[in-house]
1. Reachable lysines from residue 68, Cα under 27 Å, same-chain residues fewer than 8 places away excluded?
2. Run the Debye formula on the Cα coordinates of the chain, all scatterers equal and no solvent, and tell me log10 I(q)/I(0) at q = 0.11, 0.12, 0.19 1/Å.
3. Have a look at 83, 115, 72 and report the one farthest towards the positive end of the charge dipole of the chain, computed about the Cα centre with Cβ charges (Lys/Arg +1, Asp/Glu -1).
4. May I ask you to list the GluC sites (Glu not before Pro) in the stretch 110-176 that are in a DSSP loop and have at most 11 other Cβ atoms within 10 Å of their Cβ?
5. Once the other residues with Cβ under 14 Å from the Cβ of residue 49 are scored (Lys, Arg +1; Asp, Glu -1), what is the net sum?
6. Which Cα, out of 100, 7, 63, lies furthest along the positive dipole direction of the chain (beta carbon charges, K/R +1, D/E -1)?
7. Compute the separation of the alpha-carbon centres of the stretch 40-79 and the stretch 113-164 and state it in Å as a whole number.
8. Around residue 151, under 11 Å between beta carbons, what's the net of Lys plus Arg minus Asp minus Glu among the other residues?
Amino acid sequence: MVTTEFSRVSLSWYSLSHWYIAKQDKGVFLQKALTNMEPRIKPFNGQSEIYKIMMMAFDESEMQLLIKRLENLNFSGLSIRRSGQWYLEITSNHSSKFEAINWILEEEGIERQEIAAIGDGENDIPMLEQAGLPIVVKNAPANVQKYAKMVVATSSDHGVAQAISAIHDINAQEVL
């Protein structure tokens, strides 16, 4: 459906160990530049092990149409969320960042106030709600920033490093 109805949308999918694409396009080149990873070209046949599907639409009206079309398919057990201005991610409801935090809390026997999380997209909102210290980068949309207790520099201006430094400083103060 994506490749036929939304031919300008960049489509990628991920297994636990690989990034796959059907063709090289603008979105793939952007991801390659951001991640320094090289995808494998493979036809999307629905038979692959898929951890996440990512789509990129560089036109907001096309993104809105894509979201509406996917939501109308009524797939149960899936999360369809924007993870950035041009990014749309589809994952299982059971393999989310929220679930990862719950696993860490249980596995380590710690309280949610002891967890910090750094986010920048709508897909991060459940994780940010679960964390004791939700941190958001400045370039995140306003509807994501409202979940933050701390907003740091943009992701391209060392925001994650600033967040880690702030967490370190908070931990140092608690030790004193």
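1. Cα-Cα hits under 27 Å: 23, 26, 42, 52, 97, 146.
2. -0.54, -0.64, -1.38
3. Going by the charge dipole, the pick is 72.
4. Working: sites: 111, 114, 122, 129, 174; in loops: 111.
Here the sparse-neighbourhood loop sites are 111.
5. On the way: positive: 40, 42, 52; negative: none.
Net local charge, residue 49 excluded: +3.
6. Positive-end residue among those listed: 7.
7. The stretch 40-79 and the stretch 113-164 have Cα centres spaced 25 Å from each other.
8. Every neighbour counted, the sum reads +2.
No lab work stands behind these numbers, since they all come straight from the coordinates. A quick note: this is a predicted structure, and the numbers were derived from the prediction, not measured. No Cβ is skipped: glycine too gets one built from the backbone with ideal geometry, and neighbour counts run over all protein chains shown.
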